[in-house]
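S.K.: Sending over a structure as structure tokens; questions will come in a sec.
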Amino acid sequence: MQCVVTGASSGIGRAIAIRFADEGAERVVVHFHRNREGAEQTAAAIRERHVRAEVVQADIRRAPDRAALCERVFATTPRIDAFVHNAGADVLTGAAAQWSFAEKLECLWEVDVAGTIALARQVAEEMQQQPAGPFAPALLFIGWDQAPAGMEGDAGQMFGPTKAAVMAFSRSLAQTLAPQIRVNCIAPGWIQTAWGETADEDWQHRARQQALMQRWGQPEDVAAAAAFLCRPTADFITGQILEVNGGWNRHPLNQPAPE
């Protein structure tokens with residue numbers, strides 16, 4: 001398999017890229033925007049598994065960058081089998097954490113929604129020109145399990161509508177591209193990426209209590225689901241949203257947080 005993972009310099013994207021290598025991919029393209037060092041670390045981990053890795057920089061908000069990314073990815077191979085649209089704006093850590101709500105929402109819209117949709121449409125056009133294979137290539141998106149139901153606070157009001165848009169787009173794209181291309185989406189729950197590692201005890205408690213499995217999810221949990229949905233053996237699965245959240249706990253959160 002020939003695979004592309006956007007936003008693969010850390011977290012969920014890195015875990016997905018490495019999982020593809022573990023499952024025997026021939027080539028994995030590691031996309032990044034700013035974190036070149038992280039992308040090179042991801043690529044190094046892939047090469048340790050004797051899999052070809054390429055590092056590509058692009059700001060998916062910019063049309064010229066999207067076009068250059070597609071040209072780089074598709075020009076050197078007759079077929080891409082899996083393209084994972086994982087890239088998303090980080091507005092919870094670093095300098096962006098101090099931005100206003102309006103600034104954060106605008107950034108999320110430009111990257112997670114408008115940029116992702118525009119890139120996906122270009123990728124789909126390229127995939128439609130590929131030679132037919134024994135199975136349909138896969139497009140995969142990343143949503144959020146709480147987007148349809150909503151969550152209180154600024155985070156819910158930012159990530160809810162943006163990730164809901166991605167999830168809705170994935171289902172519409174699946175209707176458009178079938179049967180030539182499969183399109184699915186993963187909706188993670190509380191996954192312990194950079195923000196989760198530094199969250200205060202109240203959030204640590206909430207993340208554990210809201211999962212039936214009583215723990216944070218790990219990037220590797222999402223990666224396992226991504227690998228499954230992109231396998232040739234999942235050729236009959238399209239237009240689906242798979243929640244990876246440890247099972248949503250529907251009981252009241254009445255357990256006190258640790259002292």
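S.K.: Can you tell me which residue within segment 71-90, out of those that are touching a strand residue (DSSP E or B) at 6+ places or on another chain (Cβ under 8 Å) and of a type in the set (A, V, I, L, M), is farthest from ASN35 (Cα to Cα)?
M.R.: If we take residues in segment 71-90 being touching a strand residue (DSSP E or B) at 6+ places or on another chain (Cβ under 8 Å) and of a type in the set (A, V, I, L, M), then ILE80 is farthest from ASN35 (Cα to Cα).
S.K.: Can you tell me which residue within segment 52-70, out of those that are farther than 25 Å from PHE135 by Cβ and among the acidic types (Asp, Glu), is surrounded by the fewest Cβ atoms within 10 Å (Cβ to Cβ)?
M.R.: ASP59
S.K.: Something else now. Taking segment 2-21 only, how many residues are over 16 Å from PRO137 (Cα atoms) and assigned to a helix (DSSP H, G or I)?
M.R.: So the answer is 10.
S.K.: I've got another one for you. For segment 52-69, indicate whether the set of residues that are closer than 16 Å to GLN122 by Cα, touching a helix residue (DSSP H, G or I) at 6+ places or on another chain (Cβ under 6 Å) and at pLDDT below 95 is non-empty.
M.R.: Scanning segment 52-69 turns up no residue that is closer than 16 Å to GLN122 by Cα, touching a helix residue (DSSP H, G or I) at 6+ places or on another chain (Cβ under 6 Å) and at pLDDT below 95.
S.K.: Scan segment 203-240 residue by residue and report those that are outside any helix (DSSP H, G or I), aliphatic (A, V, I, L, M) and more than 22 Å from VAL166 (Cα to Cα).
M.R.: Passing the criteria: ALA211, LEU212, MET213.
S.K.: Counting only residues that are of a type in the set (Lys, Arg) and touching a Lys or Arg at 6+ places or on another chain (Cβ under 7 Å), which one in segment 192-221 is surrounded by the fewest Cβ atoms within 10 Å (Cβ to Cβ)?
M.R.: ARG215
S.K.: Any idea which of (1) farther than 22 Å from GLY38 by Cβ; (2) without any contact (Cβ under 8 Å) to a residue 60 or more places away in the chain; (3) aliphatic (A, V, I, L, M) is the one ALA68 doesn't satisfy?
M.R.: Among (1) farther than 22 Å from GLY38 by Cβ; (2) without any contact (Cβ under 8 Å) to a residue 60 or more places away in the chain; (3) aliphatic (A, V, I, L, M), the lone unmet condition for ALA68 is (1).
S.K.: Within segment 164-182, identify whether any single residue is under 13 Å from the mean Cα position of the chain (by Cα), of a type in the set (Lys, Arg) and either buried (at least 19 other Cβ atoms within 10 Å of the Cβ) or outside any helix (DSSP H, G or I) (or both), and answer yes or no.
M.R.: Within segment 164-182, none of the residues are under 13 Å from the mean Cα position of the chain (by Cα), of a type in the set (Lys, Arg) and either buried (at least 19 other Cβ atoms within 10 Å of the Cβ) or outside any helix (DSSP H, G or I) (or both).
S.K.: Look through segment 132-154, keep the residues that are among the aliphatic types (A, V, I, L, M) and more than 14 Å from ALA187 (Cα to Cα), and return whichever of them is nearest to the chain's Cα centre (by Cα).
M.R.: LEU139
S.K.: A follow-up question, please. Could you please let me know if GLU243 is under 16 Å from the mean Cα position of the chain (by Cα), in contact (Cβ under 8 Å) with a residue 40 or more places away in the chain, more than 23 Å from ALA118 (Cα to Cα) and in a helix (DSSP H, G or I)?
M.R.: When the stated conditions are applied, GLU243 does not pass them.
S.K.: Can I ask one more? Across segment 9-31, what is the number of residues that are crowded, with 24+ Cβ neighbours inside 10 Å and on the phi > 0 side of the Ramachandran plot?
M.R.: Total satisfying the criteria: 0.
S.K.: Identify the single condition in (1) surrounded by fewer than 16 Cβ atoms within 10 Å (Cβ to Cβ); (2) within 21 Å of the chain's Cα centre (by Cα); (3) not acidic (Asp, Glu) that GLY189 does not satisfy, given that it satisfies every other one.
M.R.: Of the numbered conditions (1) surrounded by fewer than 16 Cβ atoms within 10 Å (Cβ to Cβ); (2) within 21 Å of the chain's Cα centre (by Cα); (3) not acidic (Asp, Glu), the odd one out for GLY189 is (1).
The values are calculated or read from the model by the stated rules, or taken from the named source; none is laboratory data. Since the model is a prediction, treat every value here as computed from it, not as a measurement. When we count neighbours, we look across all protein chains shown, and the Cβ atoms used for this are built from the backbone with ideal geometry, even at glycine.
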